[in-house]
Amino acid sequence: MKKKFSKVALVLGLLLVLVLVGLSPTGLLASKPGFAENDYVAGEILVKFKPGTPALVMAQVHRENKGIVKEEISGINVQVVKVQDVPGKAKVYNRNPNVLYAEPNYISYALLAPDDTYFDNQWGLNNTGQTCCNTAGDLCITGTSDADIDAPEAWDIATGSVDIKIAILDSGIDEDHEDLSSKVVAKKNFSDSETIDDLYGHGTHVGGIAAAITNNNTGIAGMGFSSSLMNVKILGDSGSGAYSWVAKGITWATDNEAKVINMSLGGGRPSKTLENAVNYAWKNGVVLAAAAGNGNNPSPT
């Protein structure tokens, strides 16, 4: 007998699958070419002034610190500021009574996972006790029957809707992919890449798990396969990106009617800017999912 589920089962299942997308013993952090040796963008800090601070006062603070405003993240009023000494200037800005906070523009990275080519290998959706191996074939895991999110049972209730936009904040999506090309309804590139397309592969993998065309005898099954996708590129072609790119992606997706925002990525530093962006989305009724625990690295002290 099939189990009975509420209509939220699909959403909960989607969140679980997206959060666990990289949870494998082979999970690794992407490399970070193109950035400074530190874990932040060279010469950039993120500054948020206290509400009500006059523009003339903001400009004076920047002049005193020789800071140049590069851009502002809409929705959360955070400025990306170019400075000479990132750690030093962040401390100086934070001492100013008009500044709510200032922090380095840290870097996030795609969290890698092995490809799951067939539905039988998607044990997170439907676990029959099958044995799944990584692409090299040297690491295999045998599942526990029914230790899954009961995707087939959830699909008896709902499969998503074209009105449900799932924003994939990642390295882009291969929009020529036969399982994804017709699913992308909006796109935006916030990275330093010259293309919105996925040259790294990670975003395409995640987008497929979220909403690949299903029951077409091709590739894998998408959890919310009747839903639409938003291709929001916030990681460059090396699989890494600035926190400011992530924050802009969150606010843009929110303002463009995303219902779910997925971020299968990680970073080694906390950030008030990301916190503000997430809160902005949450207050506007967006469900957010983020990867956790699969970086295979200890947290920085």
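Would you please give the residues with an amide H less than 5 Å from that of Ile261, counting only those at least 5 places away or on a separate chain, with H modeled from the backbone geometry?
Amide H neighbours of Ile261: Ala167, Val287, Leu288, Ala289.
Explain nothing, just compute: Karplus ³J(HN,Hα) = 6.51 cos²θ - 1.76 cosθ + 1.60, θ = phi - 60°, for every residue of the range 145-161 in order, whole Hz, x for Gly and Pro.
Per residue, the Karplus-derived 3J(HN,Hα) values read 3, 6, 7, 7, 9, 6, 4, x, 5, 5, 5, 5, 8, 6, 10, x, 7 Hz.
How about the range 133-191: which GluC sites (Glu not before Pro) there are in a DSSP loop, with at most 12 other Cβ atoms within 10 Å of their Cβ?
Here the GluC sites (Glu not before Pro) that fit, given the DSSP loop and packing criteria, are Glu178.
Work out how much length Gln84 to Asp156 would gain on full extension: take 0.36 nm times their residue separation and subtract the Cα-Cα distance, in nm to one decimal.
20.2 nm
What pairs in Lys91/Lys233; Lys248/Lys283; Lys70/Lys188 have C-alpha atoms more than 24 Å from each other?
Over 24 Å Cα-Cα: Lys91/Lys233.
Given a Förster distance of 30 angstrom, what is the FRET efficiency for Trp282 paired with Asn98, based on the Cβ-Cβ distance and rounded to 0.05?
Efficiency at R0 = 30 Å is approximately 0.65.
All of the numbers you see were taken from the coordinates with simple rules; none came from a lab. Keep in mind that this is a model prediction, so the values were computed, not measured. Heads up, the Cβs are rebuilt from the backbone with ideal geometry, glycines too, and the neighbour counts pull from every protein chain shown.
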